[in-house]
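The values are calculated or read from the model by the stated rules, or taken from the named source; none is laboratory data. Quick caveat, the model's predicted, so the values are computed rather than measured. Because the Cβ atoms are built from the backbone with ideal geometry, glycine has one as well, and the counts that use them run over all protein chains shown. Accessible surface areas use protein heavy atoms only, side chains included; no ligands, DNA or RNA. Shrake-Rupley method; radii C 1.70, N 1.55, O 1.52, S 1.80 Å.
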Amino acid sequence: MKNFINKTFKYFIFLLAVTVVWTACRNDDDEKISTSAPTINLVAASVDENGQPTDLSSITVGYANNVYIIKGTGFATLQHVYFNDYESYFNPNLVTDNTIIVTINEKTPYANVNNKLKLVTKFGTVEYDFTVAPPAPVIDGFQSVNAADGDNIVIKGNYFVNPVVKIGDVQATISATSLTEITAKLPAGSQGKKISVTTLSGTATYGSEIGTAFYDDILYGSTVNSGWGETHDIAYSADPLNIKQGEKSIKLDISAWSGFQFDNAPSFPAAAKGIRFYAKATTAGSQNMQVMINNNWGNRATIDITGDFQEYRIPWSTFGLSSTPTASSTNIIFFNQGNANVYYIDDLGYYY
């Protein structure tokens, strides 16, 4: 989300200067108070991204919790300022008959709204086309990762207002959408491509490519090798906070110096660059985890797994491999180097 003001020092200096000018000019303005209904000529951002005053260029899109200048006539008896019928407070000292400085209320709605700025004065009301944009879109995941071309996928996240979905560079057809969920049809040539969602406020791209999962709520071909001093649940669904995407994750309760092993991982395509997954640890703070392929203890990846889901990408070279492993008997081991802990792993696969 764009944020033109961050309550920086520069902004306060600017606002102070404007207040002084306003106070000095109010006597002249008061003598010229209009008794006609208000009119709006333009809306402009008060400061730019660097906290500097703008040139008052006309805009039609703004963001909640940011400051804007409204130019027009008949503002001296201003009573109310509304964006999308939600009231924003204004400081009367920053209002003259021709100018208003106002901060858009941070709770102003942006979905299923009229996209109007409305001013109410003692002598009338005026509306002006103005859109309060949502924050930039966020993608939490999509299902299923291994969907075939022509299948529908469900993208979950937030701030999906009038979204456009692309698979690689190709636009997908959307059949249903809400603020937090999109259903879209995969076009031809989607395999190995990434999903992006674009709105008025920006673009979000999810890390996992289509068709690259060997765990995505279910295991694709792999089997689990028990007996490493651990207990596991490959269909964990009790707490959404321990699920990165979809409806399930893998829960691993691993003793110190023990591990969890996938056998018979699906064959990786030659173009794959390594393995990827999301993981978090129950115990607060970083927890060292080692990852290896085909029992190669001499070439292990050591990663810090924290209390929040993070994406990990490990190239083949870390495992001592010069190219993609092709044997169908490939195994992948997650080894707990530190104290006993509970881990959650989700969206496990490979990347290009």
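Observations, loosely collected:
- Of the residues making up the range 119-153, those that are in a strand (DSSP E or B) and at positive phi number 2.
- ASP97 exposed (fewer than 14 other Cβ atoms within 10 Å of the Cβ) and not basic (Lys, Arg): no
- Of the strands (runs of 3 or more DSSP E) entirely within the range 304-352, those holding at least 3 residues that are open to solvent by 50 Å² or more (accessible area, probe 1.4 Å) and either closer than 19 Å to PRO266 by Cα or at pLDDT 90 or above (or both) occupy 310-315.
- Where strands (runs of 3 or more DSSP E) sit wholly within the range 181-242, those with at least 2 residues that are within 19 Å of VAL164 (Cβ to Cβ) and at pLDDT 95 or above occupy 181-185, 195-199, 202-205.
- Applying a threshold of 6 Å to beta carbon distances and a minimum spacing of six or more residues, or different chains, the list of pairs starting in the range 251-277 at a residue that is over 21 Å from HIS232 (Cα atoms) and ending at one that is among the hydrophobic types (A, V, I, L, M, F, W, C) reads GLY274/ILE314; GLY274/TRP316.
- Scanning the range 154-171 for residues that are crowded, with 21+ Cβ neighbours inside 10 Å and over 14 Å from the mean Cα position of the chain (by Cα), we see that the one that is farthest from SER201 (Cα to Cα) is ILE167.
- Number of the condition not met by ASN294 [criteria: (1) in contact (Cβ under 8 Å) with a residue 12 or more places away in the chain; (2) at negative phi]: (2)
- Residues in the range 100-118 that are under 17 Å from TYR89 (Cα atoms) and part of a loop (DSSP other than H, G, I, E, B): ILE104, ASN105, GLU106, LYS107, THR108, PRO109.
- Test for ASP149: is it touching a residue at least 40 places away in the same chain (Cβ under 8 Å) and open to solvent by 50 Å² or more (accessible area, probe 1.4 Å): yes
- SER317 vs. criteria on the phi < 0 side of the Ramachandran plot and touching a strand residue (DSSP E or B) at 6+ places or on another chain (Cβ under 6 Å): no
- Among residues of the range 210-238 that are in contact (Cβ under 8 Å) with a residue 24 or more places away in the chain and more than 20 Å from GLY349 (Cβ to Cβ), those with a beta-carbon under 8 Å from a residue that is part of a loop (DSSP other than H, G, I, E, B) and among the aromatic types (Phe, Trp, Tyr) at least six positions away or on a different chain give the pairs GLY229/TRP257.
- Test: ILE234 is buried (at least 19 other Cβ atoms within 10 Å of the Cβ) and among the aliphatic types (A, V, I, L, M): no
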